[in-house]
1. How large is the convex hull of the Cα atoms of the chain per residue, expressed in Å³ as a whole number?
2. Determine, from the Cβ-Cβ distance of residue 332 and residue 206 and an R0 of 51 Å, the FRET efficiency 1/(1 + (r/R0)^6), rounded to the nearest 0.05.
3. Determine, for each peptide in 129-139, 43-53, the mean count of other beta carbons within 10 angstrom over its residues, then list the peptides with the highest first.
4. Hey, can you grab everything whose amide H is under 5 Å from the amide H of residue 30? Only 5+ residues off in sequence or another chain; H modelled, so Pro and N-termini drop out.
5. With +1 on each Lys and Arg Cβ and -1 on each Asp and Glu Cβ, and nothing else charged, work out how big the dipole of segment 55-139 is about its Cα centre, in Debye to the nearest 20.
6. So, in nm, how far is label residue 281 from label residue 258 when the simple model puts each one 7 Å beyond its Cα toward the Cβ?
7. Packing-wise, with mean Cβ within 10 Å as the measure, how do 149-162, 314-327 rank, highest first?
8. If amide hydrogens are placed 1.01 Å from N in the peptide plane, which non-local residues have theirs closer than 5 Å to the one on residue 229?
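Computed from the coordinates by the stated procedures, all read-outs in this text should not be read as laboratory data. All values reported here derive from a predicted model rather than from experimental measurement. Note that each Cβ is placed from the backbone with ideal geometry, even for glycine, and that neighbours are counted across all protein chains shown.
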Amino acid sequence: MRWIPCALTSVVVVAAVTSAQTEPEYIIQFSHVVAETTPKGKAANLMAKLINERLAGRVRMEVYSNSQLYNDNKVMEAMRLASGKTGIMAAPSLSKFLKFSRQIQAFDLPFLFHDLSEVHKLQDSPLAAKLTEGIQRRSLHALGFWDNGMKVFSIRGARPLIRVPDDFRGKKFRIQTSDVHAAMIEALGGIPQKLPFKEVYTALGQGVVDGQENTWSNIYSKKFYEVQDYITVSDHGYLGYLLVVSDAFWKGLPADIRKALTKILREVTNQARVYAQEFADADRQRIADSGTITIVELTREQRAQWVEATKPVEKRFRRKIGNKLMTEIHQLLGH
């Protein structure tokens with residue numbers, strides 16, 4: 001039986017309208033927690049547009065933004081319980097999957113990637129399947145990775161974050177729910193503080209935490225720069241999303257529909273990367289133009305000190321992620 005919450009049907013985004021006389025065989029409800037104007041929001045709407053155009057009459061995708069259907073904590077359980085010909089799809093941040101997969105912690109390791117091109121090299125390789133093995137065993141099907149971007153640090157105080165551990169010592173930093181992130185902050189000399197994303201602005205403004213790590217688009221869209229004094233361009237880690245759907249729903253689709261959806265997903269993933277980079281560049285400039293915060297670039301020598309300080313983090317989590325897998329990742333990336 002197809003279930004669509006009546007209270008939400010007026011706000012659903014459908015990129016293309018099918019004929020009133022044509023009821024599709026399958027419906028995909030894409031639930032996400034951000035605005036339509038974000039990289040993830042734009043990618044979701046593009047995917048709906050392509051699916052509704054190319055598979056009209058067979059598949060319809062409906063996009064629910066801003067947590068209108070589910071938040072990230074509830075959506076995965078909802079998609080696992082969904083049945084019939086309506087499937088739920090989502091793209092939560094990678095940290096949300098840590099309880100399902102120890103391997104996916106590799107994406108949280110500090111300075112594993114020199115830049116986004118190395119992130120994409122791993123995501124597009126056969127090793128990506130090994131990183132999501134645990135997710136597959138929890139009745140979810142991994143469809144691909146979408147970018148938010150590389151992370152930088154911000155701080156409120158008299159000086160920027162340059163020297164480690166001196167500039168971190170005694171400072172509290174908000175992190176996602178990730179033991180790897182906590183170990184990284186401790187290695188740099190700071191005090192990790194796990195907080196929900198929606199509480200970060202207030203926590204920064206009230207001094208509950210002194211700083212945070214995030215991407216340019218998140219820092220700008222949530223106005224963190226208004227309550228911080230410095231941003232250090234560290235590019236120390238990656239923030240991304242994993243696109244998932246119920247494994248039972250995916251395997252229940254006819255082979256030709258799965259093939260068509262897989263092709264669309266590749267197209268949208270490539271465009272999602274473009275969206276993320278465009279937002280990162282534009283939002284960095286907007287933050288700089290605001291005049292409310294100072295942006296600091298690390299020298300090669302300073303960055304090397306950060307890298308050296310955080311090396312113990314990978315050593316600590318290497319066994320949990322998998323020694324062999326980490327060796328294969330380093331071989332793939334060439335370092």
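1. Values: hull volume 43.8 nm³, N = 335.
It is 131 Å³ per residue.
2. Details: r = 43 Å, r/R0 = 0.85.
So, using R0 = 51 Å, E works out to roughly 0.75.
3. Working: 129-139: 16.8, 43-53: 21.8.
So the order, starting with the most tightly packed, is 43-53, 129-139.
4. HN-HN under 5 Å from residue 30: 62, 63, 64, 89.
5. Details: 12 positive and 8 negative charges, 98 e Å.
Result for segment 55-139 is approximately 480 debye, rounded to the nearest 20.
6. Here the modelled spin labels are 3.8 nm apart.
7. Numbers: 149-162: 20.4, 314-327: 14.6.
Peptide ranking by packing, descending: 149-162, 314-327.
8. Hits under the 5 Å cutoff: 155, 156, 157.
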